[in-house]
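Derivation of every value follows stated rules applied to the coordinates shown; laboratory data play no part. None of these values were measured; they are calculated from a predicted model. Note: ideal-geometry Cβ built from the backbone for every residue, glycine included; neighbour counts use all protein chains shown.
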Amino acid sequence: MRLTASGIRDGVLPTKVELLSSMHSGFVRTAVILGFVVAAIASSTSLKPEALSSVRVDFDTFIDEMRLRFSADRVGAAERWQVLMAEVAGGSPEDQLERVNNFFHRELRYKVDQQLYGQKDYWASPLETLGHGLGDCEDWAIATYITLRHLGVSDDQLRLIYVRARMGGARSDITQAHMVLGYYPSPQSEPVILDSLISTVLPASERTDLAPVFSFNSRGLWVGQGPAAASGSPTARLSLWREVLVRMQEEGIKLQ
């Protein structure tokens, strides 16, 4: 995947650790529903990777890889994923979102990267996530994104969104870095949010606990501007995304 960074000045994607340790007032100002809407991100910097026009799972290869690398019961998880895809193919977007969301809430349990992969921040492929039956918010969001892309949902309608999630109620000042998936019925519409933290798909207006920080898909990366941005190469922070896309292709997920 080739990336261009013309027009970028000092903005880079913060790491999860940086998000956890820094709460700049600029992030707080984005904690309104319009912060999720494409029109409200117009002032952000956009990096344009080469777009993925299609995503298709070769289930023969995927299941063979699952059998080779994981246990027999995890092959069952891959087969259930295949059944889900077949059942919801051609369905309404609303039905697809609900069914895919419910599937991953059933199949996956939370576990941090350090315990699972021995790294502070690791983005797992769907094979790794389903193979372990475990993952964190990024793993959950990436698997959900790939599933919906396979089902024919346009990349223009999906964004992986890094947010700061407020924990412990409306008055809490405790936040943590978190990733969700946003589905946009149209470019200017309010998205609905698919989230590993809660099992209900909700419009962004009902997720006042989330403050969006940056978002991306295969077509672009939108970075909110602000004086708290770290220095360095903006493309460097895309390495985790590039790496997981490479692993996916080796595991039977065809990206074009």
Determine the principal axes of the Cα atoms in segment 88-183, then give the extent along each, sorted from largest to smallest and rounded to whole angstroms. 41, 34, 24
Between ASN102 and THR200, what length comes free when the chain is fully extended (0.36 nm per residue of separation minus the Cα-Cα distance, one decimal in nm)? 34.4 nm
Using 7 Å Cα-to-Cβ label points, what is the ASP173/ARG247 separation (nm, one decimal)? 3.8
Under the 7 Å Cα-to-Cβ spin-label approximation, LYS111 and ASP58 lie apart by a distance in nanometres of 2.8
Could you pull out the trypsin sites (Lys or Arg not before Pro) across segment 76-169 that fall in loop regions by DSSP (anything but H, G, I, E, B) with no more than 12 other Cβ atoms inside 10 Å? LYS120
